Amino acid sequence: RALRNELGRGARLGGPKVDICVVFCGLNDFKKLYMGRTAGTFGRDLRHLIRELRRSLGAECDFFFPALPMEPTRFPEPLRSFVIFVGELFDEEKTRLKKDPSVGGGRNHFLPKPSTRWWRAVCAAHGDVISSDGVHPNEVGYKVYGEKLGE
């Protein structure tokens, strides 16, 4: 609601038109699996968010949904493999948005994650890209992933 109010206020004050909205989401959602938060629940809630954002940003806004790059995380095996798998289930929900006219269909774009080979090259060039929590990117990680998304 706060985001919708702020966006609406900007539009009323003659704020700039928003052409692109990047929604990076899912990581904190799948950490709640043990509470019953499934990929399907995530997808339903994401559709609700998109409808709210479209009301504020307009039907012409293109939405981009990057995949969750879980490969560089520092989870021990076999947890790391499980986390990558679960992340892909949540990413699948994002891929379905393009075919869903109720949320703008073709104005939704899924951005696949870079390959493991790409992440290895990034780590070789820049060092560690994950923060001390072992999950979230550090400043370098956000920078290089943001540049990759912009390509």
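The values are calculated or read from the model by the stated rules, or taken from the named source; none is laboratory data. This one's a predicted model, so the numbers in the text were calculated from it and none came from an experiment. Using ideal geometry, Cβ is built from the backbone for each residue, glycine included, and neighbour counts are taken over all protein chains shown. With ligands, DNA and RNA removed, areas are computed over all heavy atoms of the protein, side chains included. Shrake-Rupley method; radii C 1.70, N 1.55, O 1.52, S 1.80 Å.
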key: Residues that are more than 14 Å from the chain's Cα centre (by Cα) and closer than 24 Å to Arg55 by Cα, drawn from the range 83-108   = Lys98, Lys99, Asp100, Pro101, Ser102, Val103, Gly104, Gly105, Gly106, Arg107
Helices (runs of 4 or more DSSP H) (entirely within the range 23-130) containing at least 1 residues that are touching a Leu at 6+ places or on another chain (Cβ under 9 Å), more than 24 Å from Lys148 (Cα to Cα) and modelled with pLDDT under 95 = 39-57
query = Among the residues of the range 48-72 satisfying the criterion of being charged (D, E, K, R) and either crowded, with 21+ Cβ neighbours inside 10 Å or closer than 15 Å to His109 by Cβ (or both), which is farthest from the chain's Cα centre (by Cα)?
reply = Glu60
key: Hits in the range 95-115 (condition: touching an Asp or Glu at 6+ places or on another chain (Cβ under 9 Å) and open to solvent by 60 Å² or more (accessible area, probe 1.4 Å))   = Arg107, Phe110, Pro112, Ser115
Sole residue being among the β-branched types (Val, Ile, Thr) and in contact with a helix residue (DSSP H, G or I) (Cβ under 6 Å, 6 or more places away or on another chain), chosen from Ile50, Ile84 = Ile50
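Can you find a residue that is modelled with pLDDT of 90 or more and acidic (Asp, Glu) anywhere in the range 6-21?
Yes, because at least one residue in the range 6-21 is modelled with pLDDT of 90 or more and acidic (Asp, Glu).
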request  = Tell me, yes or no, whether the range 118-131 has at least one residue that is farther than 23 Å from Val18 by Cβ, free of Cβ contacts under 8 Å to residues at least 24 places away in the same chain and touching a strand residue (DSSP E or B) at 6+ places or on another chain (Cβ under 8 Å).
outcome  = yes
query = Any residue at all in the range 132-144 that is among the aromatic types (Phe, Trp, Tyr), under 19 Å from the mean Cα position of the chain (by Cα) and open to solvent by 80 Å² or more (accessible area, probe 1.4 Å)?
reply = yes
key: Among (1) open to solvent by 60 Å² or more (accessible area, probe 1.4 Å); (2) closer than 26 Å to Lys17 by Cβ, the one test that Leu79 misses   = (2)
